[in-house]
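Below: one structure, written as structure tokens.
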Amino acid sequence: MKIAIATDAWAPQVNGVVRTYENTCKALQDMGHELLLLTPQDYKTIPCPSYPSIRLALRPGPRLTRNLDAFEPEAIHVATEGPIGHAARRYCRQRQLPFTTSFHTQFPEYMRMRAPIPLDWIYAYMRRFHAVAERTLVPTPSQRQRLLDRGFQHVEVWSRGVDTDLFKPGDKDFLDYPRPIFLYMGRVAVEKNIEAFLRQDLPGSKVVVGDGPDLAKLKQQYPETKFSGYKFGEELAQHIAAADVFVFPSLTDTYGLVMLEAMACGVPVAAFPITGPIDVVRPGETGILDQDLRAAALAALELEPKACIDYAHAHSWQRCTETFVSHLAPIPAKARLSA
């Protein structure tokens, strides 16, 4: 199948959405599908207000239209609600082509943290964006229910996988800090609620792997924490594997791919019992969920790495990608010709 994927989230951005599509695209190609990726790399960009490391495409419509016309896709997936996502949505609407969308993050909550916009207004906008899609894909059953409760329709679950060749148990001595080591990995931004972790009185060491707009502020406020900046590939996996507990303080993630990556490294998770963790973590086996994050982190120290590893190995990217393909909305040949 010829599949076009339009996404505003792409390298050099570092986040779970980008890793999801990088792994999905690799699996799609391994399965024999032909891909057209519509990403910010194809356009002039400007920094996103309040988040300059994210670049937004300028006027992507004309080139996007030419690329889609030339490719003649058999299915179109709109991954994000940014300029590229809007341009692809408009392309499909103008030509009356079916398409699918994704709802990856609790974007309304993120926006509300950065601007005084009523949450209901933002959800109304998002609902309108996704309403014309054949299906909207979300990563977990609990996120599906959240959107249904908000009036969204045609919502389906598309779960996530983990690369167990990369994320696997490693040398605990890779990090030479006092034990136990409690580690967070991800964007260093207000919506990740990192301070809920950094405020905790925990033994040993706290490590933050990642970068973002709040890094300088948090380094100043929490000088005892080890901030490593961004890490990639094998070095990232080594950092995670060297930890004793992976702390996931976010209250707004819809999945939290990093939790699955930590489990694949044999590292149990400590998190709040909210959307994302409640679908990813098996309480008492692969992690601890508690409103008291300190209690969760300390209790997670007692869990066995093998249960985490076994759970992660049951979540392959190929299986998740097969689900993705099954949810796509094929474009009839007649519609492709008329477009």
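The values are calculated or read from the model by the stated rules, or taken from the named source; none is laboratory data. This is a predicted model, so every value here is computed, not measured. Don't worry about glycine lacking a Cβ; one is built from the backbone with ideal geometry, like all the others, and counts go over all protein chains shown. Remember, those area values only see protein heavy atoms, side chains included, never the ligands or the DNA or RNA. Shrake-Rupley method; radii C 1.70, N 1.55, O 1.52, S 1.80 Å.
Might you check whether a residue that is more than 20 Å from HIS104 (Cβ to Cβ) and open to solvent by less than 20 Å² (accessible area, probe 1.4 Å) occurs anywhere in segment 247-262?
The answer is yes; a qualifying residue exists.
Quick one: would you say ARG55 is open to solvent by 30 Å² or more (accessible area, probe 1.4 Å), under 23 Å from PRO12 (Cα atoms), in a strand (DSSP E or B) and basic (Lys, Arg)?
Judged against the criteria, ARG55 is a match.
Is at least one residue of segment 222-234 open to solvent by less than 20 Å² (accessible area, probe 1.4 Å) and either of a type in the set (S, T, N, Q) or in contact with a Gly (Cβ under 7 Å, 6 or more places away or on another chain) (or both)?
yes
Among the candidates GLU234, GLU224, single out the residue that is touching a residue at least 12 places away in the same chain (Cβ under 8 Å), not β-branched (Val, Ile, Thr) and not in a loop (DSSP other than H, G, I, E, B).
On inspection, the qualifying residue turns out to be GLU234.
So which residues in segment 169-204 are outside any loop (DSSP other than H, G, I, E, B) and more than 26 Å from the chain's Cα centre (by Cα)?
Residues satisfying the conditions are LYS172, ASP173, PHE174.
With the condition kept exactly as written, say whether any residue in segment 27-44 is open to solvent by 20 Å² or more (accessible area, probe 1.4 Å) and touching a Gly at 6+ places or on another chain (Cβ under 8 Å).
Taking every residue of segment 27-44 in turn, none turns out to be open to solvent by 20 Å² or more (accessible area, probe 1.4 Å) and touching a Gly at 6+ places or on another chain (Cβ under 8 Å).
Of the numbered conditions (1) without any contact (Cβ under 8 Å) to a residue 40 or more places away in the chain; (2) open to solvent by 20 Å² or more (accessible area, probe 1.4 Å); (3) small (Gly, Ala, Ser), GLY204 satisfies every one except a single condition; which is it?
Among (1) without any contact (Cβ under 8 Å) to a residue 40 or more places away in the chain; (2) open to solvent by 20 Å² or more (accessible area, probe 1.4 Å); (3) small (Gly, Ala, Ser), the lone unmet condition for GLY204 is (1).
May I ask you to list pairs of residues, at least six apart or on different chains, whose Cβ atoms are under 8 Å apart, with the first in segment 104-129 being closer than 24 Å to GLU156 by Cβ and the second being basic (Lys, Arg) and at pLDDT 85 or above?
TYR123/ARG150; ARG127/ARG150; PHE129/ARG89
Which residue, of GLU322, GLU302, is at pLDDT 95 or above, open to solvent by 50 Å² or more (accessible area, probe 1.4 Å), under 19 Å from the mean Cα position of the chain (by Cα) and among the acidic types (Asp, Glu)?
Of GLU322, GLU302, the one residue that is at pLDDT 95 or above, open to solvent by 50 Å² or more (accessible area, probe 1.4 Å), under 19 Å from the mean Cα position of the chain (by Cα) and among the acidic types (Asp, Glu) is GLU322.
Would you mind telling me which numbered condition in (1) in contact (Cβ under 8 Å) with a residue 60 or more places away in the chain; (2) part of a loop (DSSP other than H, G, I, E, B) PHE246 fails?
Condition not satisfied by PHE246: (2).
Give PRO268, PRO330, PRO277, PRO249 a once-over and let me know the one that is touching a Pro at 6+ places or on another chain (Cβ under 8 Å) and under 30 Å from ASP149 (Cα atoms).
Just one listed residue meets the conditions, PRO330.
Restricting to segment 128-146, give me the number of residues that are modelled with pLDDT of 95 or more and open to solvent by less than 80 Å² (accessible area, probe 1.4 Å).
Total satisfying the criteria: 9.
Can you tell me which residues in segment 127-149 are farther than 27 Å from TYR91 by Cβ and of a type in the set (Asp, Glu)?
ASP149
With the requirement that a residue be surrounded by fewer than 18 Cβ atoms within 10 Å (Cβ to Cβ), under 30 Å from ILE331 (Cα atoms) and out of contact with any His (no Cβ under 6 Å at 6 or more places or on another chain), what does segment 156-171 give you?
Of everything in segment 156-171, just one residue is surrounded by fewer than 18 Cβ atoms within 10 Å (Cβ to Cβ), under 30 Å from ILE331 (Cα atoms) and out of contact with any His (no Cβ under 6 Å at 6 or more places or on another chain), namely VAL157.
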